[in-house]
Amino acid sequence: MLESEEKYRQVVSTTKDAIMIFDVETREFIEVNKSCEEIYGYRRKEFLTMRHTDITNEPQISEDAIRKLVTGKRYKIPLRYHRKKDGTVFPVEISASIFSHKGRKVICGIIRDITERKRMEEELKTLNESLEQRVANRTAELEMAYKRLQIEVEERKQAEKQIKHMAFHDYLTSLPNRVFFNDRLALAIAHAHRNNEMLAVMFLDLDRFKVVNDTMGHSIGDQLLYNIANKLKSCLREDDTIARHGGDEFILLLPGIKYIENVHKIARKILRAFRYPCIINNHEFSITISIGVAIYPNDGTDPKTLMNNADTAMYNVKEHGKNNYQFYNVIIHASSFNKMILESELHRALVSENFEVFYQPQVNINTGKIVGFEALVRWEHPDQGLIYPEEFLSLTEETKQIISIDEFVLNNACSQNKVWQDAGLQPLCVAVNLSVQTIQRKDLVEVITLVLEKTGMDPHFLVLEITENVAMQNLEAIIHKLNKLCTIGIQIAIDDFGTGFSSLYYLKRFPITKLKISQHFVRDIVTDQSDKAIVSLVIELAQSLKLKVIAEGVETEEQLFFLKQRQCDEIQGFLYCKPLPAREFEEILVQDKHLYCSGEK
């Protein structure tokens, strides 16, 4: 007890916030800390002869706040103004609580001087207003300039030339479009046929470009496409043709090929050019590229066949690691080779722990409060950047590397959750996915128990998500493991319910507490009658079995409304928040806690 009191005194004496305790009945101060003396200018002895109303500039409002506080245990008081000894009035932020001390009710108030913050807010407001006015003025100037330009363009006699250019070129990059490219390719094939020559068609697709558009917006995406088009043009010979095929796809024509090695050189030159990031608005974008190659006449003698075969080769690159090039006639060999490379890179990534755990909140559908979160793995590739699980988990399942990844995620998720709980954040359950291979481990219970002991996290805050496919394995052994895990307090959830085995038998046998509706059903519940029926039935089934149900992949208000009508318990998806790294997710938890403490909804 003495040690606890000493620690309490140390905290009170060292905090920068003013802490004051006064009697509820008399309003007389009982105790203040050093910061209180420094902020208000009174000595402690002076404070002990004063009442609470002596320091407030709004005594009546202060009294009203105290009366409200007496009705509850804790009350966060809105912005108020206090008065120092020298008469200076300053803004404060107050948090107060009421408790009993030596037989009488006392109030403990924590006061923070927010003078500097208010000043900065005012300056920021002034700055924003000035910036908005400048933007408005500049917008007006640009609008006038644009109108003048329109008039000049209309007066010129080159409209026909511009229309022709627009018909055969891409508006964003000014590269030839598909129509232009098809004509050029047909002519090149005829020339190659007459002169007994080869030509190459390359199909190029930017890797992970969608992520840039989704996170940075289409304006940045358009600038990036323009820069990439210029980068590609710098890699080609004078007689080569590059066109934008659409979206983030480009197509190249390389005529007059005498040796296949010439094509290899150009492909490698393009890949080397994409080793360096593009810089736009002080942001670096590391974009890689996947290339498929078809050769005339070996891989086709007409434009459509050559382009289709080059496209097929490019998709083979996409499926086997990206950031590479592939000839159409050696796809099988290259596929095996690229798979071996990816497997090796995954092994190195596991050794070096080049993985990161992201977190996505699970939200009560009625209150909007975070009630849990799911841990999701991401691969930090040294060359390709952040890689999402759908691009590598299938391979890890084949090679059993998924077991190590599962254990990595479990360790990090439990450790991080315990850190957040120890920091005073709202205690929440963390959901961790377990693969079929991990569930089959003989020492599964021991491994999970050891992780909980090592991290110190209470088992009741761990939810293990398994897929329906585990029911296809050694069912009795799995049920035995899950029952042992539930005995120590761990919860079990069925992930992607309805997409796997979907047997009501295992719902009866498994000790599960929650069903997760797959995003494949949620995506079209507003428009697809089948998905509407499936989701409604799953919710009804869960309710009848007294299981909680959570819908994944909720992205629109319409989906949310549908799920609310069906009394779904929880949601998870981009409508509330995308998966975030631990540092960013912590900010969400802190914000959620503050809203809860202040009574806001």
Whole-Å semi-axes of the range 353-591's equivalent ellipsoid, largest first, each the root of 5 times a Cα gyration tensor eigenvalue? 25, 22, 19
Residues with amide H under 5 Å from that of Thr288, placed H, sequence gap 5 or more: Asp207
Lys/Arg Cβ at +1, Asp/Glu Cβ at -1, dipole of the chain taken about the Cα centre: which of Thr367, His480, Ile220 is farthest positive-ward? Thr367
Mind grabbing the base-10 log of I(q)/I(0) for the range 45-195 at q = 0.17, 0.19, 0.21 Å⁻¹? Debye formula, identical points on the C-alpha positions, no solvent, two decimal places. -1.08, -1.18, -1.29
After finding the eigenvalues of the alpha carbon gyration tensor for the range 173-341, what semi-axes result from the square roots of 5 times each, listed largest first in whole Å? 27, 19, 13
Classify the range 45-111: rounded, prolate or oblate, from the alpha-carbon gyration tensor (a ≥ b ≥ c, eigenvalue square roots; a/c under 1.5 rounded; otherwise prolate if a/b is larger than b/c)? oblate
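Fewest first, what order do Lys85, Lys304 take by the number of other Cβ atoms within 10 Å? Provide the component values of the computation, followed by the final result.
On the way: Lys85 13, Lys304 10.
Starting with the residue having the fewest Cβ neighbours, the order is Lys304, Lys85.
Could you tell me what percent of the DSSP beta bridges with both partners in the range 194-351 are antiparallel, to the nearest 5? Before the final figure, lay out the partial values.
Numbers: 24 of 27 bridges.
Roughly 90 percent of the beta bridges in the range 194-351 run antiparallel, per DSSP.
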Given the peptides 361-367, 585-591, arrange them by the average over their residues of other C-beta atoms within 10 Å, most packed first. 361-367, 585-591
Rg/Rh for the range 23-64, where both radii come from Cα atoms and Rh is the Kirkwood radius: 0.96
Starting from the Cα coordinates of the range 413-455, work out the convex hull volume and express it per residue in Å³. 63
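How high is the FRET efficiency from Ile341 to Val179, r the C-beta distance, R0 35 Å, rounded to 0.05?
Details: r = 38 Å, r/R0 = 1.08.
Taking R0 as 35 Å, the efficiency between Ile341 and Val179 is 0.40.
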With the cut-off at 26 Å, tell me which of the pairs Lys484/Lys548; Lys34/Lys369; Lys210/Lys418 have Cα atoms farther apart than that. Lys34/Lys369; Lys210/Lys418
With each run of n ≥ 4 DSSP H residues scored as -39500 (n - 2.57), what mean residue ellipticity at 222 nm is computed for the chain after dividing by its residue count and rounding to the nearest 500 deg cm²/dmol? -15500 deg cm²/dmol
Against the longest alpha carbon principal axis of the chain, how many degrees, from 0 to 90 and to the nearest 10, is the axis of helix 159-168 turned? 90
By average C-beta atoms within 10 angstrom, highest first, the peptides 556-568, 275-287, 240-252, 132-144: 240-252, 556-568, 275-287, 132-144
Counting only DSSP beta bridges with both residues in the chain, what percent are antiparallel, rounded to the nearest 5? 75
Can you tell me the orientation of helix 115-155 relative to the chain, as the angle in degrees between its alpha-carbon axis and the longest Cα principal axis, to the nearest 10? 30
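Which percentage, to the nearest 5, of the DSSP beta bridges contained in the range 353-591 is antiparallel? Working shown, then result.
Numbers: 16 of 39 bridges.
Here the share of antiparallel DSSP bridges comes out near 40 percent.
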Hydrodynamic radius (Kirkwood) for the chain, which is based on Cα pairs only, to one decimal in Å: 30.1
Between 0 and 90°, nearest 10: helix 2-14 axis offset from the chain longest Cα axis: 70
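All of the numbers you see were taken from the coordinates with simple rules; none came from a lab. Being a predicted model, the structure only gives us computed values, none of them experimental. Ideal geometry is used to build each Cβ from the backbone, glycine not excepted, and the neighbour counts take in all protein chains shown.
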